[in-house]
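Enquirer: Below: one structure in structure tokens.
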Amino acid sequence: MAKTDDLRAKTDDELTSRLLELKKEQFNLRFQRASGQLENTAQVSKVRTEIAQVKTLLHQRKHAVM
């Protein structure tokens with residue numbers, strides 16, 4: 001999981017691409033959990049937390065310009 005300072009150093013494009021990667025990972029983890037193949041269930045919450053962090057940073061940057 002990325003630290004907030006590391007995420008803040010990234011550009012908006014990098015954050016957007018990271019968000020897409022995390023969404024894909026979340027999708028795959030959901031499939032693994034549904035089929036009973038997921039071994040590390042804590043990974044699901046870590047991915048959700050990082051998605052929230054990235055979305056929050058993007059939202060803050062979008063509204064800071066105004």
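Each reported figure results from applying straightforward, stated rules to the coordinates on display, with no laboratory input. No experiment lies behind these values; they were computed from the predicted model shown. FYI the Cβ positions are ideal-geometry reconstructions off the backbone, even for glycines, and counts take in every protein chain you see.
Enquirer: So, counting K/R as plus one and D/E as minus one, what does the shell of residues with Cβ under 14 Å around HIS63 add up to?
Expert: Details: positive: LYS55, ARG61, LYS62; negative: ASP12.
Its environment carries a net charge of +2.
Enquirer: Given Cα pairs under 8 Å that are at least 6 residues apart, what percent is the relative contact order of the chain? Before the final figure, lay out each step's value.
Expert: Details: 28 pairs, mean separation 30.5, N = 66.
46 percent.
Enquirer: Also, I was wondering about something else. With angles folded into 0 to 90 degrees, how steeply does helix 42-64 sit against the dominant principal axis of the chain? Use alpha carbons for both and round to 10.
Expert: 20
Enquirer: Ranking GLU25, GLU50, GLU14 by Cβ neighbours within 10 Å, fewest first, what do you get?
Expert: Details: GLU25 16, GLU50 20, GLU14 12.
Neighbour counts put them in this order, fewest first: GLU14, GLU25, GLU50.
Enquirer: First select every other residue whose beta carbon is under 13 angstrom from the beta carbon of THR11; then total the charges, Lys and Arg +1, Asp and Glu -1. Spell out each step's value before the answer.
Expert: Working: positive: ARG8, LYS10, ARG18, ARG61; negative: ASP6, ASP12, ASP13, GLU14.
Taking every Cβ under 13 Å from that of THR11, the sum is 0.
Enquirer: Kindly provide log₁₀ I(q)/I(0) values, in the same order as q = 0.14, 0.29 Å⁻¹, from the Debye equation applied to equal alpha-carbon scatterers of the chain.
Expert: Each listed q maps to, in turn, -0.45, -1.25.
Enquirer: For LYS55, give me every one of the aspartates and glutamates with a C-alpha distance below 15 angstrom, ignoring sequence neighbours fewer than eight places off in its own chain.
Expert: ASP5, ASP6, ASP12, ASP13, GLU14, GLU21
Enquirer: Could you tally the net charge around GLN43, taking each other residue with its Cβ under 15 Å from the Cβ of GLN43, Lys/Arg +1 and Asp/Glu -1?
Expert: On the way: positive: LYS23, LYS24, ARG30, ARG33, LYS46, ARG48; negative: GLU21, GLU25, GLU39, GLU50.
Residues near GLN43 contribute +2 overall.
Enquirer: For the chain, find the longest principal axis of its Cα atoms and tell me its angle to the long axis of helix 12-35, 0 to 90°, nearest 10.
Expert: Between the helix axis and the principal axis of the chain, the angle is about 20 degrees.
Enquirer: Where is the GNM fluctuation largest for the chain (alpha-carbon springs, 10 angstrom cutoff): LEU15, LEU29, LEU38?
Expert: LEU38
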